[in-house]
Amino acid sequence: MIDLMPTSEEQAAAIVRAHAEANRPLAVCGGDTRSGFGNAVVAEDRLRSTRLSGIVAYNSGEMVMTARSGTPLAEVEAALSESGQMLAFEPMDHRPVMRRSGEPTIGGVFAANVSGPRRLVAGAARDSLLGVRFVNGKGEIIKAGGRVMKNVTGLDLVKLIAGSYGTLGFLTEVTFRVPPRPKTERTVVLSGLNDAEAANAMAAAMALPVEVSGAAHLPLTVTWKFLAGKLPEGEATVLRIEGLPGSVDVRVEKLAAAMSAFATVTRLEQPESRRLWQEIRDVLPYTDGTLRPVWRVSVAPGTGHQLVAALRLEAGVDAFYDWQGGLVWMRMEAGPEADLVRRYIKALGGGHATLIRASAEARAVTSAFHPEPEAVAMLSRRVKEKFDPAGIFNPGKMG
């Protein structure tokens, strides 16, 4: 595969125009850390954003940053850390679980709509995205949105690009919100709850006026892998509180008092709390060096544990839960069992399952993304035709 790495937006547009005229497909990527996502893309040329790098504009007082799409995520986060700000959606690092290398880019984060544990209160990556610049499939440079948070011009187009995995356009620049980073954090740990009991406890915690910013349940099969085995004995249901030190202290005590009705309660101070949520974010238990299939399943918070219980009657499944139980990370012991997984999701009220990791053989016969209803699929095809009439961007990746 030939890597094409433009150093300007105009160069990128010229490359796209030439490929569209020749009807020659392009694989689109940034740092190549998430290229394993989705279905196989057949293309001899790969258009990469890594040389479109650098922070274009950043005023911490405005809480908005603009960066070129190929800017390393680490560079963005370092600049934000210096100003006491952050990416609220806590993007996951997929490299360990997917056995990839390279440097994640800020464009790749938004192209894949990558969102971590704080998603349940801060929204997804697309909810922080204010504006984009990209090259469409005709080689035209398009701008949507802007740097001012009140400016909603083109907002729907901005959100459409986020999560499109490079199938609609080649991102060249992104503008996004960067709120203040909490001064401190602590985590309340409930020990010994089974999956169903944990779901009830997390629902009760989220209903309290204490602003829980992370809610996850770690069954016995994975608990020992977090914090190098230093969590309290038994299953762990973990609830994060963030903010100013005095406020955090008060809210932690209120949360702990309420949760003592469900289980034995302990607390983690900031260093351990921060490490734990990073390990949850990056799916530490399944960074096992294998290609055993890993699913990312999004369902209603109350049904995640029901899905896992049903699947275990027919397949070998290991799982843990984030987003108050609404995000289920599942590792299958044998094949992906895609039909089984999606059939039970439908039976439990709906949701979607994305195959994150599997062998090449399994990927060849398994749709990575959840099948869309026909009406939605038809709309998706029409949108794709408008953005990329020749169908050169990541053909086949999303279906």
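The values are calculated or read from the model by the stated rules, or taken from the named source; none is laboratory data. These numbers come from a predicted model, not from an experiment. Glycine gets a Cβ as well: all are built from the backbone with ideal geometry, and neighbour counts include every protein chain shown. Keep in mind that these areas ignore ligands, DNA and RNA; they rest on the heavy atoms of the full protein, side chains included. Shrake-Rupley method; radii C 1.70, N 1.55, O 1.52, S 1.80 Å.
Filtered by the rule that a residue be within 30 Å of residue 210 (Cα to Cα), surrounded by fewer than 18 Cβ atoms within 10 Å (Cβ to Cβ) and either modelled with pLDDT of 95 or more or touching a Cys at 6+ places or on another chain (Cβ under 7 Å) (or both), segment 140-183 gives 179, 180, 181, 183. Using the structure shown, decide if residue 267 is open to solvent by 60 Å² or more (accessible area, probe 1.4 Å), at pLDDT 95 or above and either of a type outside the set (D, E, K, R) or part of a helix (DSSP H, G or I) (or both). Against the criterion (open to solvent by 60 Å² or more (accessible area, probe 1.4 Å), at pLDDT 95 or above and either of a type outside the set (D, E, K, R) or part of a helix (DSSP H, G or I) (or both)), residue 267 does not qualify. For segment 332-351, the set of residues classified as open to solvent by 20 Å² or more (accessible area, probe 1.4 Å), within 24 Å of residue 114 (Cβ to Cβ) and in contact with a helix residue (DSSP H, G or I) (Cβ under 7 Å, 6 or more places away or on another chain) consists of 351 only. Among residues of segment 303-347 being among the aliphatic types (A, V, I, L, M) and touching a Ser or Thr at 6+ places or on another chain (Cβ under 7 Å), the one that is nearest to residue 201 (Cα to Cα) is 327. Looking at the structure I just gave you, is residue 77 of a type in the set (Asp, Glu), out of contact with any Leu (no Cβ under 9 Å at 6 or more places or on another chain) and more than 21 Å from residue 297 (Cβ to Cβ)? Considered against the rule, which asks whether it is of a type in the set (Asp, Glu), out of contact with any Leu (no Cβ under 9 Å at 6 or more places or on another chain) and more than 21 Å from residue 297 (Cβ to Cβ), residue 77 comes out as no. Looking at 220, 227, 190, 208, just one residue is farther than 20 Å from residue 318 by Cα and surrounded by fewer than 22 Cβ atoms within 10 Å (Cβ to Cβ), and that residue is 208. Within the span defined as segment 84-94, one or more residues are more than 30 Å from residue 331 (Cα to Cα) and in contact with a Ser or Thr (Cβ under 8 Å, 6 or more places away or on another chain).
Yes or no, residue by residue, for (1) crowded, with 18+ Cβ neighbours inside 10 Å; (2) among the polar types (S, T, N, Q); (3) touching a residue at least 24 places away in the same chain (Cβ under 8 Å):
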{"residue": "283", "(1), (2), (3)": "yes, no, yes"}
{"residue": "290", "(1), (2), (3)": "no, yes, no"}
{"residue": "306", "(1), (2), (3)": "yes, yes, yes"}
{"residue": "309", "(1), (2), (3)": "no, no, yes"}
{"residue": "320", "(1), (2), (3)": "yes, no, yes"}
{"residue": "329", "(1), (2), (3)": "yes, no, yes"}
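Would you please name the residue that is most open to solvent (accessible area, probe 1.4 Å), looking only at residues in segment 352-395 that are among the small types (Gly, Ala, Ser) and farther than 23 Å from residue 97 by Cα?
The selected residue is 375.
When residue 248 is tested against (1) assigned to a helix (DSSP H, G or I); (2) surrounded by 24 or more Cβ atoms within 10 Å (Cβ to Cβ); (3) of a type in the set (Val, Ile, Thr), exactly one condition is not met: (2).
Mind checking which pairs have a first residue in segment 335-352 that is at pLDDT 95 or above and a second that is acidic (Asp, Glu) and in a loop (DSSP other than H, G, I, E, B), Cβ under 7 Å, 6 or more apart or different chains? That search, which allows pairs on different chains as well, returns 340/314. Does segment 238-261 include one or more residues that are of a type in the set (D, E, K, R), under 30 Å from residue 332 (Cα atoms) and in contact with a strand residue (DSSP E or B) (Cβ under 8 Å, 6 or more places away or on another chain)? Yes, because at least one residue in segment 238-261 is of a type in the set (D, E, K, R), under 30 Å from residue 332 (Cα atoms) and in contact with a strand residue (DSSP E or B) (Cβ under 8 Å, 6 or more places away or on another chain).
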